[in-house]
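Scroll down for the structure; my scribbles are underneath it.
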Amino acid sequence: MTWRVALVGIVALAVAAGPWVTRVQAAGEIFIPLLVYRTGPYAPNGIPIANGAIDYFTLVNERDGGVNGVKIAFEECEDQYDTKQGVECYERLKTKNPVLVNPYSTGITYQLIPKAPVDKVVVHSMGYGMTATADGRWFPWVFNFPMTYWSQASAFVKYVAAQEGGMDKLKGKKIAHIYHNSPYGKEANPTLEELARRHAFELTLLAVDHPGQEQKATWLQIRRLNPDWIYISGWGVMNQVAIKEAAAIGFKMDRVVGNWWTGTEVDVIPAGDAAKGYKSMNFNAPGAGFKVHQDINKFLYDKGKGAGRRDGIGEVLYNRMVVNAMLNVEAIRTAMTKHGNKPLTGEQVRWGFENLNLTEKRLEELGMKGMMRPLRVTCENHEGNGQAFVQQWDGKKWNVVSDWIEPIREVVRPKLEAAAVDEAKKLGYTMRDCAKEK
Amino acid sequence: MIYREAGQFKTSYASDQAVFPIVQDRVFVLAAVVAAFVVPPLVAGDYWLQAILIPFLIYALAAIGLNLLTGYAGQLSLGTGGFMAVGAYSAFKLTTAFPQLSIIAVFLLSGLAAAAIGLLFGIPSLRIKGFYLAVATLAAQFFLIWLFNKVAWFTNYASSGTITAPDRTVLGVTVTGPNAPAAARYVMALAFVAVFALVAKNLVRGRIGRSWMAIRDRDIAAEIIGVRPLRTKLLAFGISSFYCGVAGAELVFLYLGSAETLAFDINQSFLVLFMVIIGGLGSILGSWLGAAFIILLPIFLTRLPHSLGLTMSVALQKQIELMIFGGLILFFLIVEPHGLARLWQIGKEKLRLWPFPH
Amino acid sequence: MSDLLYMVLVAPFKDMAGAPAFLVEVLIGGVFAGLMYSLVALGFVLIYKASGVFNFAQGVMVLFAALTLVGLLERGAPVVVALALTVAVMVGLAYAIERVVLRPLVNQPQIILFMATIGLNFFLEGFGEMAWGANVKKLDIGIPDRSFIVRGVQINELELTAAVTAAVLVTLLALFFQTTRIGRALRAVADDHEAALSIGIPLKTIWVVVWSVAGVVAIVAGLMWGAKSGVQFSLSLIALKALPVLILGGFESVPGAIVGGLIIGVGEKLGEVYWGPLVGGAIENWFAYVLALAFLLVRPQGLFGEKIIERV
């Protein structure tokens, strides 16, 4: 009897202790942690993102045998889009010596920005996170290319101007910005305000509180205001409700433009046909017609190695993460030109990010010609020289309806540099001299 | 056998009323505290300290605070997240305005700020009771979060809209900010929670605690025997908010490093309340156990399949984890509705008689 | 100072008087939104009334009901069959809850039962998602989300339908409570568990019935909210919108849930549209609670709550 109790106790203890032991990453690989959210309120957005990452990294391993022969190892950790769980995930996977991390959550990005230089892990917040980190002189470890929210907002204004017939036609036009009431949602406000001053359009800012299931009051205000254009910075359920409300009050859908997190397939599902004509910004072309998708089909899904369902290939967020993973890989590849084809450290990969030069030719080799713009990152400019375009929902799929739009950099960059000084001071950083970097 | 109190005679009121009347308890708790200060910083890795122990200590502090209010004084509150935010934002404002001020003083002062706000929002408790009060404290929760989100002054007009912990030192060691070693932050959090747990323990067995319990058990009767409800209830709100405020400041300065208002949303209030209930209402020990249950169990469950060699998708794993977590809450409530602290007590009673139960 | 007072106390009312059609629209918007909150609040009230449990899992029950319905529809079940099956699932759930959660915890303090429903909440969250997946699902209930205009006032068909549904549901529930045998038994249980038991009312059956009815209310709430935002995980968060309605109306009152919903809905919309811009907007959430709090200070048991008689 006592022995049996002791035995049960020992087994229970072993089971209880097991999860706390962490394993060390195998040598000879480059480890990339994947903070994903496949469950919880944001899962509809998180699932295609996670699948895109896994598919592309697996493709590189399967098709090319890794990056110049060095395999990419990755591990998913479920964070439910929750900051604290995300930090736990990051800390847990940190023991495996990651070189870079794509947080895919503004909250988690903010946590990781101060940790990046300490842990020597590159933070790549692609098209999200903190805009000010685009100034590489202050934030060597954080990258947000190909574009920031501020550049995006300026590109949106340029698009509106083009539709109205020129920048001078903006005068007196009414633009409403409906935003998620969080640091993320507010990002576009300073840029829009600045541009409203310069071009004399009338800007109305309307906040929607998290989670944004009930937006009646906001849309009543829209009804009264009757703006010429609406710009939406939303996320999660807020997007679906906003698009549905816009359709319900009979607003012209082709004058409602979401930012690039407010224009995916799931956002337009609940509104159904009423969402036809809805537009959103983007920097990665939608659709599964690129060569990289053929490769993903051939090397992964035909062999049963795909991460998701086949019809998920080519969704907006799936493609975004494929582009993101590609940029990760190309940065590692760039770093290898200097440091050799071996597993690299975070420090070395950071150099690769900073000297990334993605040419049209390279994009074509990768099977992604036209999926995004050529990109060049420098020490000063971690935003790169990305451009955005506008896409429109036709009831079945997203179509590109504009050319690539260059952001108004002369407005965005000075504000961004000023913000970078503020944010960096809070962390006690000093500015580095990019002339001395090599 | 080892846990035997025979032969320990109390010869004075003081020794009978001691926090730990049994010698073994005294020795054990003292040893545990010393071990907690010494062992983890030397042995545990960054992951353990940063992702598990530091949040555990901070939430334990918040749970003790809420337990004073809900467990001892019987006032249900769902404003914990809001009060924690007050602590965090006032700590940030204080330390950026007066960088020379010791960070310990900053924490205490931000606790006082939270206490002031807590007093203000405690006023409705004089008229409103039970679940009505709980939902009324939600007004505090939502209003405070909205305020910190809306008024840029609180974040020093940061374009990012977040607060960030700067580097601050205690006795020459950096204890806050990204450059602070996890061990230093751990010791700091532990020191605070150890001291305040002791303070709380003494509060609840003294006059104040007894008046709280009188109000909780039957407020009209308490009023008749001379406990002033206004003072007692507000004191509970104030002290509880002080604890929550300090915990909130620690959450940003010792754990997260930087935060937006979402870090203090309604889920925080619920989380701390869960800890208090599952640990045991009206028990300081219960607050510790509850915090451990709510913080450690999900992480444990997440990692369990991996260590057992099971491979499954992370989504499925999370869903099963939620189900088991919910199931365990139900299980423990059914086994012992008065919380983990009561289970512990029962265990202790058994241990005192072991191995001769008759 | 006088400018400020003018902006707060005078300007909004001038604004209202200046555009009466818009004011009507805001009021109607508030009424519709309020009835949507009432639909969720009703579930809470039913359960609180009969078992004294503040059911934290009500939001997840709404999600679970909607997920089940949509999941069945997606698998090709006809609408009637899917609805019937969903009702069956919710009744089954009620039975399981009574057996596993309520029965072992009978006679425990309210807060313990509250905690138990939190455990239930986590369980259903995991289970619902595991069974039906996490993606956003379109729920088409056959009513177009279009608007028509009556005398310059825009009215949305879907919202009108939801409002009518809520009104019908409440009337039915009120009749059920007032006139049927089981309804009277429910009221007896609500008043005093032990007295009800002693005159032979089967407590366990009553609990199953009441949780089932709450489950059916959850289906209706899930239908209406799901038609608005698509059926997705966030549906479980709407419980938070029901809380101010509950405190305002009183935890035990079915009509209270409706009146409370109307007051909260209209109040928060008026607040947001006319006073929100003064302070930068997004005040809806806390405004609802402050409104409820203001009412509570006058009547601590809610508008229709049972008066608490205090004895030593």
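The values are calculated or read from the model by the stated rules, or taken from the named source; none is laboratory data. For clarity, every value in this text was computed on a predicted model and none was experimentally measured. Cβ coordinates were reconstructed from backbone atoms using ideal geometry, including for glycine residues, and neighbour counts include every protein chain displayed.
Annotations for the structure displayed:
- When residues in region B:256-280 are screened for being more than 14 Å from chain A (Cβ to nearest Cβ) and touching a Lys or Arg at 6+ places or on another chain (Cβ under 9 Å), 1 of them pass.
- Those residues of region B:301-324 which are among the polar types (S, T, N, Q), within 14 Å of chain C (Cβ to nearest Cβ) and free of Cβ contacts under 8 Å to residues at least 12 places away in the same chain, in sequence order: B:SER313, B:GLN319
- Unique match (being at pLDDT 80 or above and not polar (S, T, N, Q)) among C:ALA167, C:ALA190: C:ALA167
- Every residue from region C:123-144 that is acidic (Asp, Glu) and crowded, with 21+ Cβ neighbours inside 10 Å: C:GLU125, C:GLU129
- Hits in region B:148-176 (condition: facing another protein chain (nearest Cβ under 9 Å), in a loop (DSSP other than H, G, I, E, B) and of a type outside the set (A, V, I, L, M)): B:ASN156, B:TYR157, B:SER159, B:SER160, B:GLY161, B:THR162, B:PRO166, B:ASP167
- Residues that are in contact (Cβ under 8 Å) with a residue 12 or more places away in the chain and facing chain C (nearest Cβ under 7 Å) were ranked within region A:213-222; the one that is farthest from C:MET224 (Cα to Cα) is A:GLN221.
- Checking each residue in region C:271-288 for being away from chain B (no Cβ under 12 Å) and surrounded by fewer than 21 Cβ atoms within 10 Å (Cβ to Cβ) picks out C:GLY271, C:TYR274, C:TRP275, C:PRO277.
- Condition broken by B:THR11, with the remaining ones in (1) under 27 Å from B:ILE295 (Cβ atoms); (2) away from every other protein chain (no Cβ under 14 Å); (3) among the β-branched types (Val, Ile, Thr) satisfied: (1)
- Test: residue in region C:150-162 that is loosely packed, with under 12 Cβ neighbours inside 10 Å and touching a residue at least 24 places away in the same chain (Cβ under 8 Å): yes
- Residues considered: A:ARG63, A:ARG92. Of these, the only one that is surrounded by fewer than 24 Cβ atoms within 10 Å (Cβ to Cβ), more than 13 Å from A:ARG38 (Cα to Cα), out of contact with any strand residue (DSSP E or B) (no Cβ under 9 Å at 6 or more places or on another chain) and assigned by TED's automatic domain parsing to the domain that holds A:LEU366 is A:ARG63.
- Filtered by the rule that a residue be within 30 Å of A:ALA217 (Cβ to Cβ), of a type in the set (Val, Ile, Thr) and more than 14 Å from chain A (Cβ to nearest Cβ), region C:151-186 gives C:VAL164, C:THR165, C:VAL168, C:VAL170, C:THR171.
- Region B:325-358: number of residues that are out of contact with any helix residue (DSSP H, G or I) (no Cβ under 6 Å at 6 or more places or on another chain), under 30 Å from A:TYR37 (Cβ atoms) and in contact (Cβ under 8 Å) with a residue 12 or more places away in the chain: 2
- Hits in region B:201-216 (condition: under 16 Å from B:LEU126 (Cα atoms) and without any contact (Cβ under 8 Å) to a residue 12 or more places away in the chain): none
- Of residues in region A:374-390 being under 17 Å from the mean Cα position of the chain (by Cα) and part of a strand (DSSP E or B), the one surrounded by the fewest Cβ atoms within 10 Å (Cβ to Cβ): A:PHE389
- Residues located in region B:259-281, provided they are surrounded by fewer than 24 Cβ atoms within 10 Å (Cβ to Cβ) and at positive phi: none
- Residue within region C:289-311 that is under 26 Å from A:LEU205 (Cα atoms), within 16 Å of the chain's Cα centre (by Cα), within 11 Å of chain A (Cβ to nearest Cβ) and touching a residue at least 24 places away in the same chain (Cβ under 8 Å) present: no
- Scoring C:LEU83 on the criteria (1) surrounded by 15 or more Cβ atoms within 10 Å (Cβ to Cβ); (2) out of contact with any strand residue (DSSP E or B) (no Cβ under 6 Å at 6 or more places or on another chain); (3) farther than 27 Å from B:ILE277 by Cβ; (4) within 14 Å of another protein chain (Cβ to nearest Cβ) leaves a single failure, condition (4).
- If the condition is being of a type outside the set (S, T, N, Q), over 17 Å from the mean Cα position of the chain (by Cα) and more than 11 Å from every other protein chain (Cβ to nearest Cβ), then region A:65-118 contributes A:GLY65, A:GLY66, A:VAL67, A:GLY69, A:VAL70, A:LYS71, A:ILE72, A:ALA73, A:PHE74, A:PRO98, A:VAL99.
- Criterion applied to B:GLY327, B:GLY347 was being away from chain C (no Cβ under 14 Å) and over 23 Å from B:GLY74 (Cα atoms), and the one residue passing it is B:GLY347.
- Single match in A:VAL118, A:VAL99, A:VAL157 (criterion: free of Cβ contacts under 8 Å to residues at least 40 places away in the same chain and β-branched (Val, Ile, Thr)): A:VAL118
- So A:ASN355, is it in contact with a Cys (Cβ under 9 Å, 6 or more places away or on another chain) and not hydrophobic (A, V, I, L, M, F, W, C): yes
- Condition met for B:VAL246 (surrounded by fewer than 22 Cβ atoms within 10 Å (Cβ to Cβ), more than 12 Å from chain C (Cβ to nearest Cβ) and farther than 18 Å from C:PHE123 by Cα): no
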